[in-house]
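Novice: Here it is, the structure, as C-alpha cells.
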There are 2 protein chains.
Amino acid sequence: MVTIKDIAKLANVSHTTVSRALNNSPLIKEPTKRKILEIASQLNYSPNYNAKSLVMQKSHTIGLFFTSISTGTSPSFFVDSLKGVNRVISQDYNLFVRGLDDYDDYSSINQQRFDGIILMSQSVHDNPFIYHVLQKEIPLVVLNRDIEEAGIMNILSNDTDGARKAVEHLVENGHRKIAIIEGIKGFKSTQMRLEGYQEALTASGIPLQSDYRIRGNYDMESGYAGMEKLLSLKEPPTAVFCSNDDMAIGAMNAIFANGLKVPEDISIVGFDDIGFSQYTTPRLTTVKRPVEKISVLGAETVLSLVIGNKEIPKKIFAQTELVVRDSVAKRI
Amino acid sequence: MVTIKDIAKLANVSHTTVSRALNNSPLIKEPTKRKILEIASQLNYSPNYNAKSLVMQKSHTIGLFFTSISTGTSPSFFVDSLKGVNRVISQDYNLFVRGLDDYDDYSSINQQRFDGIILMSQSVHDNPFIYHVLQKEIPLVVLNRDIEEAGIMNILSNDTDGARKAVEHLVENGHRKIAIIEGIKGFKSTQMRLEGYQEALTASGIPLQSDYRIRGNYDMESGYAGMEKLLSLKEPPTAVFCSNDDMAIGAMNAIFANGLKVPEDISIVGFDDIGFSQYTTPRLTTVKRPVEKISVLGAETVLSLVIGNKEIPKKIFAQTELVVRDSVAKRI
DNA sequence: AGATGAAATGTTAACGTGAACAAAAAAAGC
DNA sequence: GCTTTTTTTGTTCACGTTAACATTTCATCT
C-alpha cells in the first residue's frame, strides 16, 4: 500500500509537505504541489482513513439507525430513508446502517466510531439509545418521532394532522361509522395517527366507539385480521382509517374475501403513500408522508453538526398531504 | 476518552498487559486479567477501532454494495438483502451500504477501508467495480448475478430455471399466446428470465413472436405501459410473464383499466414473490426468489474469507420455486 | 551587502493499539 | 540453595497521518 512517505521519497520532500499538498494547504508553492499531486495520482495513492481518523479524532462515518430492520419497518419506508440520506452523504463519508435490535448494549457506539448519528426512530424503546448517544456527545438527529427532550434536533412529519385530514375526508363524504386499525403498540406514529382520528371524529360530534378501534402492527396480515374483526361486528363500519398503507391493503383483501366491495360497501383510507398504493384496485386514497424529504433534511442537519456548526436544536415539521384516489365513496 | 494506558496506570501494569488481558491472551495470569477487566468495565472502556485497524491492517468493515439504491432496485429486494446480511454480521463489524452509482471513481474502495465486500450485482456495468475489488485483493462475494470470471465466489438464484417453470405453468394451462415484459436492459436477471421464457416456449413447440416481447424496467409504471402495448395488438396474448412482481402489478392494473379481468381474460405470472403479491386481487402467481437466503449465504461466505479461510471459489445456486396463486386461468 | 521578515519546507511528536523482543518473576530440577 | 526452564510482565517500536515547532530559503528594505 502506498503512503505519503513513499510519495515524499519520490518527490524529494518531507512527508509533511506531501500531507499539506494533498490537503491543498496554502503553505505549499504551486509547482511543488503540482509535482506531488502528479506523483500521488501516478502511484494511485489513496489515504488511510484509519490513520487519519486516529490522529484527527474523526471517524468519517455517519450512522443511520432504525428501530428494527427486520420487523415493523415497511420496505418502502426503509428504502426511502436510505435514499434520502445517501443523496446527501458525500463520498468520503461512510454510511453505516443498523437496526437497534441488533444491539445488546451500546458500548460500541462512541465518538471514535461515529461522527454523527441519524436515528429513524419509531418507538419509545429507542430512548435509551438516544440518551446513550447524547451522553457520548455525538451529534444526533432524530427523525420521524417527536422527542420532548430539549436539545435534540428533531425532524418529523405531523402525523396527527395527516390522520385528521384523512378522517375528515371520510366525514365529508358522509361517513359516521368510521373505524381505525392501529399500528404497533408503543410506536409514536401509532399514537399520533390515533389522535388525529379521534380529533376528527370529536370535532364532528361523532362519539368514539371502542369496538371500532382495532390493534394492528403495520403489516398486511394484521390489516387483514383487523378488518375481519370489524366485519364480524353487529354493526360494521362504513369506512376504515388504516394507520398505514400496508394494513390498508390487507384490509381491502379481507373485504374482497368476504364478497364485499371497496369503496361501494366500505371505504378505506391509508397512510404513507407507498409506491403500491396507486396500483391497488381500487387505487388507494391515503396520506402522503415525506419520508425521503425528512431523511434528506436529517442528513443535511447531521452533516452540518458534524462540521461544527452550532445549530440551535429545533423541531422541523415536514407536511403531510392527503392524496385522494378511489377507495373512498360518498355515503348518502 | 479512556484508553488502555489509563487502565494500565490504575492497574499498575503496562499497557501491553492491558491489551493482552482485554484480548483474552493466555499469557496473562487469571487474577491480573480479572483485575484489569474489572477496571476496564468500571471506566466504561471501549476500544478505539481506528487505532486497532491501523496497527492490525484490518478495517472491521464489510461493504454491502448495490448497483443502484435509487433506481432499479425494488424496495423489498433491497430490504431482504439487508436483512440477510445483518443477521450474519456480528456486532463488531461495521456494515456499510452504498449504491455503485454514488461513486465517480473507486479510489476510496481499498483494503484499509473494507475487510470484505458483498456485491448485490444487477448489471454488467458492475464489472469495473468487480475488477477493481479483485485487483485490490479484497475478499469479494458477488450475489445475484452470474460472473463467468474464474476465482469469484458467486451466489445466485437460477432465474432461467424459475422463469421456465413459470412459463411452463402457463403452457400447461393451455396458453399458447404468451408474452413477456422484460426487465431493465443490461441486467443479467433480465436476460436469464428471458431465456427461461424462450426455453419453455421452444420446448413446447411454440414459435417466438417479436411483438410479444416488450421491454420494461422493473417498475410498476413500465409494467402498466408494457401491458397497454400488448393490449393494442391485433391479437393480444392470453397470458403474460412479467419479469418481476412490480411490473406484474402494473400490468394487472392496465388490464383492469381496459375493462378486462385477470385471470379470466388474461393470465399473469410474476417473478420474485414480494410481500404484496399475496395481497393483490387476484393473488399473484409468481416465482419465489430466495433473496434473503442468498444474502445470508453471501455474508457467511465473505466473513469466512475475511478471517482467512481459503475457500475454493465456486458458484452456489439457491433454488427458485413456483408459487401458484390465482392469477392464471385454464384456457380451454 | 547585510539585516529583517515572510514564505516554504523539514523535524519531531502524537494519536491508541498490537507485536517483537527483553526482562523479571516464578516454578522446576538437581 | 542455585541453576535452568517456563511463565508472566515490561519496553520499545511500528502503523500512516496531522500538528506544533524549528529551520531553511528567498525576497524586501535600508
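Novice: Given the options B:Gly223, B:Gly270, B:Gly259, name the one that is at positive phi and within 14 Å of another protein chain (Cβ to nearest Cβ). Walk me through it before giving the result.
Specialist: Numbers: B:Gly223 fails: at positive phi; B:Gly270 fails: at positive phi.
None of the other options fit; the residue is B:Gly259.
Novice: Another question, then. Give me the residue from the stretch B:75-96 that is assigned to a helix (DSSP H, G or I) and within 7 Å of another protein chain (Cβ to nearest Cβ) and, out of that set, surrounded by the fewest Cβ atoms within 10 Å (Cβ to Cβ).
Specialist: Initial filter on the stretch B:75-96 (assigned to a helix (DSSP H, G or I)): B:75-88.
Filter once more, so that each one left must be within 7 Å of another protein chain (Cβ to nearest Cβ): B:75-76, B:78-79, B:82-83, B:86.
Numbers: B:Pro75: 22, B:Ser76: 22, B:Phe78: 22, B:Val79: 24, B:Leu82: 27, B:Lys83: 19, B:Asn86: 21.
The residue in question is B:Lys83.
Novice: Return only the number of the condition from (1) in contact with a Lys or Arg (Cβ under 8 Å, 6 or more places away or on another chain); (2) touching a residue at least 40 places away in the same chain (Cβ under 8 Å); (3) of a type in the set (S, T, N, Q) that A:Thr190 does not satisfy.
Specialist: A:Thr190 satisfies all of (1) in contact with a Lys or Arg (Cβ under 8 Å, 6 or more places away or on another chain); (2) touching a residue at least 40 places away in the same chain (Cβ under 8 Å); (3) of a type in the set (S, T, N, Q) except (1).
Novice: Quick check on the stretch B:11-18. Is at least one of its residues crowded, with 17+ Cβ neighbours inside 10 Å, away from chain A (no Cβ under 14 Å) and of a type in the set (Ser, Thr, Tyr)? I'd like the intermediate steps shown before the answer.
Specialist: Restricting attention to the stretch B:11-18, the residues satisfying the condition of being crowded, with 17+ Cβ neighbours inside 10 Å are B:11, B:13, B:17-18.
Retained after the next criterion (residues that are away from chain A (no Cβ under 14 Å)): B:11, B:13, B:17-18.
Imposing the further condition that a residue be of a type in the set (Ser, Thr, Tyr) reduces the set to B:17.
Looking for residues that are crowded, with 17+ Cβ neighbours inside 10 Å, away from chain A (no Cβ under 14 Å) and of a type in the set (Ser, Thr, Tyr), one finds at least one in the stretch B:11-18, hence yes.
Novice: List, please: which pairs have Cβ atoms under 9 Å, are six or more places apart or on different chains, and start with a residue in the stretch B:46-65 that is more than 8 Å from chain A (Cβ to nearest Cβ) and more than 24 Å from B:Asp126 (Cα to Cα) and end with one that is of a type in the set (Gly, Ala, Ser) and surrounded by fewer than 22 Cβ atoms within 10 Å (Cβ to Cβ)?
Specialist: Correct list of pairs: B:Pro47/A:Ser108.
Quick grid of which residues meet (1) of a type outside the set (Val, Ile, Thr); (2) loosely packed, with under 15 Cβ neighbours inside 10 Å; (3) within 23 Å of A:Arg87 (Cα to Cα):
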{"residue": "A:Val296", "(1), (2), (3)": "no, no, yes"}
{"residue": "A:Glu300", "(1), (2), (3)": "yes, no, yes"}
{"residue": "A:Leu303", "(1), (2), (3)": "yes, no, yes"}
{"residue": "A:Asn309", "(1), (2), (3)": "yes, yes, yes"}
{"residue": "A:Lys315", "(1), (2), (3)": "yes, yes, yes"}
{"residue": "A:Ala318", "(1), (2), (3)": "yes, no, yes"}
{"residue": "A:Val324", "(1), (2), (3)": "no, yes, no"}
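Novice: A further question follows. Can you spot a residue in the stretch B:25-41 that is within 11 Å of another protein chain (Cβ to nearest Cβ) and within 11 Å of DNA strand C (Cβ to nearest atom)?
Specialist: yes
Novice: Among the residues of the stretch A:308-332, count how many are assigned to a strand (DSSP E or B) and either of a type in the set (A, V, I, L, M) or closer than 30 Å to A:Arg176 by Cβ (or both).
Specialist: Start the filter on the stretch A:308-332 by keeping residues that are assigned to a strand (DSSP E or B), which leaves A:315-318, A:321-323.
Add one more test, that the residue is either of a type in the set (A, V, I, L, M) or closer than 30 Å to A:Arg176 by Cβ (or both), and what stays is A:316, A:318, A:321-323.
Total meeting the criteria: 5.
Novice: Whether any residue in the stretch A:127-138 is touching a residue at least 60 places away in the same chain (Cβ under 8 Å), more than 8 Å from every other protein chain (Cβ to nearest Cβ) and within 21 Å of A:Gln191 (Cβ to Cβ) is what I want to check.
Specialist: Yes, the stretch A:127-138 contains a residue that is touching a residue at least 60 places away in the same chain (Cβ under 8 Å), more than 8 Å from every other protein chain (Cβ to nearest Cβ) and within 21 Å of A:Gln191 (Cβ to Cβ).
Novice: Next up: Taking A:Ala239 as the residue in question, decide whether it is more than 28 Å from A:Lys83 (Cα to Cα) and either within 25 Å of the chain's Cα centre (by Cα) or in the same structural domain as A:Gln191 (by TED's automatic domain parsing) (or both). Spell out how you get there, then give the answer.
Specialist: On the way: more than 28 Å from A:Lys83 (Cα to Cα): yes; either within 25 Å of the chain's Cα centre (by Cα) or in the same structural domain as A:Gln191 (by TED's automatic domain parsing) (or both): yes.
Judged against the criteria, A:Ala239 is a match.
Novice: Further question: Do you know which of the residues in the stretch B:1-21 that are without any contact (Cβ under 8 Å) to a residue 24 or more places away in the chain and of a type in the set (S, T, N, Q) is farthest from DNA strand C (Cβ to nearest atom)? Quick ask: steps written out before the conclusion?
Specialist: Here is the first cut: in the stretch B:1-21, the ones without any contact (Cβ under 8 Å) to a residue 24 or more places away in the chain are B:5, B:8-9, B:12-21.
Add one more test, that the residue is of a type in the set (S, T, N, Q), and what stays is B:12, B:14, B:16-17, B:19.
Values: B:Asn12: 13, B:Ser14: 8, B:Thr16: 4, B:Thr17: 9, B:Ser19: 3 Å.
If we take residues in the stretch B:1-21 being without any contact (Cβ under 8 Å) to a residue 24 or more places away in the chain and of a type in the set (S, T, N, Q), then B:Asn12 is farthest from DNA strand C (Cβ to nearest atom).
The values are calculated or read from the model by the stated rules, or taken from the named source; none is laboratory data. Just so we're clear, the structure is a prediction, and the values are computed from it rather than from any experiment. Neighbour counts run over all protein chains shown; Cβ positions are idealised from the backbone, glycine included.
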